[in-house]
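The values are calculated or read from the model by the stated rules, or taken from the named source; none is laboratory data. In this text the structure is predicted, and so the values were computed from the model without any measurement. Cβ placement follows ideal geometry from the backbone for every residue including glycine, while neighbour counts extend to all protein chains displayed.
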Amino acid sequence: MKASLPYKYITSVKNGKQYVVFDFKDKVGKRKRKWVSTGLPEKCTKKSLNEAVEEIVAEFAEQWNNNQVVLSINRKNDSDAESDENIIVNNELNSFFSDWLTAIKANSARTTFQCYKRNAERFVKYMAVHYPDVTLADLNHTHIQAYLNHKMDEGVKGSTVKQYYLALHSAFAYAVKMEMLTQHPMDKMSVPRADRHEAVFYNVDELNELFEVFKGHKLELIVHIAAYYGLRRCEILGLKWDSIDFKKGTITIERKVVSDYDESGQPKLFVETRLKTNSTRRTLPLIPHIRDMLLEKKDMDKHHKKLCGKDYITEFEGFVCCDPYGKLISPNTVTHDFHQVIKKNGMKMLRFHDLRHSCASLLLANDIPMKAIQEWLGHATFNITANLYSHLEYHAKVTSAETIARVLSGKKEDAPTNTKETAPEEASKKSNSRKKKKDTPADKSQTAAV
């Protein structure tokens, strides 16, 4: 901060961009803050940054001298500048979180790092508003609990608040490790309870309808893979032709594609081999229907490449999910187009990710064990799978009821049970799905190899 002036300013980085942050008092003595974008990325030359800062400070000084307390400083790319002028960031806390993020970046997946970064920014902003004078050393569990309670009061889901908790816990564990703190400020706190999430899904008939409406669409193959294998969006987009062994009949999930911003602040697709967990990296049997679709796609790619000639995009050559011009389909395109197509065709509104749940529900309805489904979906632990889908294991509950009734009554035959009114929809679809000769995700013969 420049202390010789009636106002102070520093340079700060947020969302990958350089800002000048002014700290001043208005006419009634109230402290205010103004963020002004330099229009430069985080990694820029010192010369260009200094020039931008000088220009912004000069304009600020002119407005200050004319008693115009910096209500508008127009800079290029200033659309994402903060409007919360009343917030004065605690520079010590901000610096600490910046150090922590730098320390964990190399060993964190891109999406995980961005999540931690956003969580840190939220907490620093909250502390600046509610506890502006609290330093890192002063921080204790009451401040953090107040923050989490504040988020719950705002209507944030319990599962999201749990993520806030885990990010902060990791940050302060780093502070203890580096001897910035003598004691972890969250030792007296309990992990927030996440809301129980009951998955939403399509049944067999709805999936077959979905396949019909996506015929000929650029997402057709992506939708089929999601329904048959339950792959995550990023995993499908990360598939390359060398991940598929047509001779051995296997498909391997070993990379993912995520959206982020490059050093210039422009959106970009990044290919990562660091997956969510070790269980995420898995090899599965190649389902005949998907094999046929892949071979057809491979032939079409060759045809499109020949038609486009030198205009064909080769940056993503080798990836399965490219459009006719060779451009890799982005995660946002998948989400947007999927939503638009099902809305246009009047289908039940689901997220693309719910095709993963649809796959799991059909496997359960066809008596595939929960452990096998965990491995099929690539969940890190059995508990994750059980927590998501245990409410669908109705057949196991019916069998348990019949068994205990038979044992206690001394009968050899199964005790009659009335499941007609209470069985969930997917259980009632079971017999129909088995009768179908169509190649659907519920085809038990194709999933038995799990």
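Observations on the model:
- Within the range 47-73, residues that are surrounded by fewer than 11 Cβ atoms within 10 Å (Cβ to Cβ) and at pLDDT below 75 sit with their Cβ atoms under 8 Å from residues that are polar (S, T, N, Q) and part of a helix (DSSP H, G or I), at 6+ positions apart or across chains, in these pairs: L71/Q63.
So that you can scan it fast, the table gives a plain yes or no per residue for (1) under 30 Å from E235 (Cα atoms); (2) buried (at least 19 other Cβ atoms within 10 Å of the Cβ):
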position: K105; (1), (2): yes, no
position: C115; (1), (2): yes, no
position: M127; (1), (2): no, yes
position: T142; (1), (2): no, no
position: N149; (1), (2): no, no
position: E154; (1), (2): no, no
position: K157; (1), (2): yes, no
position: Y165; (1), (2): yes, yes
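- Residue satisfying condition, being assigned by TED's automatic domain parsing to the domain that holds K327, in contact with a Leu (Cβ under 6 Å, 6 or more places away or on another chain) and among the β-branched types (V, I, T), within set T280, T250, T273: T250
- Residue in the range 364-384 that is at pLDDT below 85 and of a type in the set (D, E) present: yes
- Looking only at residues in the range 203-218 that are surrounded by 18 or more Cβ atoms within 10 Å (Cβ to Cβ) and in contact with an Asp or Glu (Cβ under 9 Å, 6 or more places away or on another chain), the one that is farthest from S358 (Cα to Cα) is F214.
- All conditions in (1) surrounded by 13 or more Cβ atoms within 10 Å (Cβ to Cβ); (2) of a type in the set (D, E, K, R); (3) over 29 Å from K17 (Cβ atoms) hold for D299, with the sole exception of (1).
- Any chance T335 is β-branched (V, I, T), more than 20 Å from E209 (Cα to Cα) and either surrounded by fewer than 17 Cβ atoms within 10 Å (Cβ to Cβ) or at pLDDT 90 or above (or both): no
- Single residue of the range 220-232 satisfying the filter (touching a strand residue (DSSP E or B) at 6+ places or on another chain (Cβ under 9 Å) and in a helix (DSSP H, G or I)) that is surrounded by the fewest Cβ atoms within 10 Å (Cβ to Cβ): I225
- Single unsatisfied condition, P324 versus (1) in contact with a strand residue (DSSP E or B) (Cβ under 7 Å, 6 or more places away or on another chain); (2) modelled with pLDDT under 95: (1)
- Qualifying positions in the range 158-210 - of a type in the set (V, I, T), closer than 25 Å to T385 by Cβ and part of a helix (DSSP H, G or I): T160, V161, V204
- Screening M347 with (1) assigned to a helix (DSSP H, G or I); (2) out of contact with any helix residue (DSSP H, G or I) (no Cβ under 6 Å at 6 or more places or on another chain); (3) more than 24 Å from S259 (Cα to Cα) gives one miss only, at (1).
- The range 374-383, residues that are closer than 16 Å to E235 by Cβ and either assigned to a helix (DSSP H, G or I) or in the same structural domain as R281 (by TED's automatic domain parsing) (or both): Q374, E375, W376, L377
- Hey, R255 of a type in the set (D, E, K, R), under 14 Å from R110 (Cβ atoms) and modelled with pLDDT of 90 or more or not: yes
- The set of residues in the range 145-171 being closer than 16 Å to S98 by Cα and touching a residue at least 24 places away in the same chain (Cβ under 8 Å) consists of A167, L168, S170, A171.
- For the range 10-24, the set of residues classified as modelled with pLDDT of 75 or more, surrounded by fewer than 20 Cβ atoms within 10 Å (Cβ to Cβ) and not aliphatic (A, V, I, L, M) consists of T11, S12, K14, D23, listed by residue number.
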